[in-house]
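The values are calculated or read from the model by the stated rules, or taken from the named source; none is laboratory data. What you are looking at is a predicted structure, and each value in this text was computed from that prediction instead of being measured. A quick note on method: Cβ atoms are made from the backbone with ideal geometry, for glycine too, and the neighbour counts reach across all protein chains shown. SASA here: full protein model, heavy atoms, side chains in, ligands and nucleic acids out. Shrake-Rupley method; radii C 1.70, N 1.55, O 1.52, S 1.80 Å.
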Amino acid sequence: MTAARLRVGPSDGPTVADVLERAGGASRGLAGAAAEGRAFLNGLRARPGDVVAVGDELAVWPARRDAPGAPPVEVLARWGELLVASKPAALPTEPERRGTRSLVTEVAELLDLRDLPHAASRLDVGVSGAVLCATGARGTRHLAAMREAGRIARVYVGVALGRIEGSGTWDAPIGAARSRGGRSLPAVGGAGARDAATRYRAVASAGGGAAPATLLRLDPLTGRTHQLRVHAAHAGAPLLGDRDHGGARSVTTSSGRVIPLSRIALHALRVTVPDERGELCTALAPVPDELRDLWSALDGDGAAWEEVFPATLEAAPPPGAPSGI
């Protein structure tokens, strides 16, 4: 897959949108590239309104719609310039360099937005659930202020390999450590480690023998990369499917059936944020069928999910409380 490269001429117009419109005409392949995050101006991702100069280079990557098995993106709630969208596990939150389908490009297309929305946090590929976004400069400033004030709260649910009981707080500091494959991955006590805190509650257990599993509610109190995944692994119960942090690649049921894991068993269930009037706004992203089916296959009680949901309805944290990621 290669990019189309355009050299800006004297009559192409003052902005990226003008250049692409002139080059692409009615073709969304070029004309809509900046709104979809596929256009790069002199090597940097371009927005439609970015100003161009004669001689500048625009690289436009073709759209790719190849996230296998990814269901459609859904906008769960919208409050002015704030919204919450539900990200399928197979999608990245933001577009990759080559125009891969992403949550924010799908939201922009659904709502016919000229610019890509700004995601307040990123869910990794393999993780599903609610993502808080801003659709304009005012909304972006508001989210930044709410994050600084500790007014954004998130609740996750995950399925971990191992037996965890009760509730508490994981507070091991998280930094970066080099993996065996040469990549630098977040790890407890790695280089540049920073304080991190995650509240956890064991909702239910499943399985038995050598491979028990635990359904967890997880509330991040800080926003470190891979925080929930790292903390669960450090507690001796890596999330199922989380290969980067010791999670199983497959599970074997009590009947001997082997289930390959194509995603991480982690889902962003709820996000709460005050809107610009100060009113608390909450959105819930339903747990996807593949996680419910996995839990059932492990002989988990389906009623356990109902024990998670009521616990997500308490009030959001007061001003100054730590925020989630």
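Hey, what did the stretch 110-226 get for relative contact order, percent, Cα under 8 Å, at least 6 apart?
22
Any idea what the relative contact order of the stretch 200-245 is, in percent, if you count C-alpha pairs under 8 Å spaced at least 6 apart?
24
Please list E109, E148 from largest to smallest accessible area, probe radius 1.4 Å, with all protein chains kept in place.
E148, E109
I'd like to compare 270-282, 215-227: which one has the highest average count of other Cβ atoms within 10 Å, and what's the full order after that?
Final packing ranking: 215-227, 270-282.
Compute the normalised compactness of the stretch 134-248: alpha-carbon radius of gyration over 2.2 N^0.38 Å, N being the residue count.
Dividing the Cα Rg of the stretch 134-248 by 2.2 N^0.38 Å gives 1.19.
Starting at the first residue of the stretch 288-295, write each ³J(HN,Hα) from the Karplus equation 6.51 cos²θ - 1.76 cosθ + 1.60 with θ = phi - 60°, in whole Hz, x for Gly and Pro.
Values, residue by residue: x, 4, 5, 6, 4, 5, 4, 4 Hz.
Quick one: putting +1 on the C-beta of Lys and Arg, -1 on the C-beta of Asp and Glu, what dipole do you get for the stretch 83-232 around its Cα centre, in Debye to the nearest 20?
Dipole size: approximately 280 debye.
Would you mind getting the accessible area per residue of the stretch 92-192, heavy atoms of the protein chains only, 1.4 Å probe, in Å²?
Here the residues of the stretch 92-192 average 46 Å² of exposed surface.
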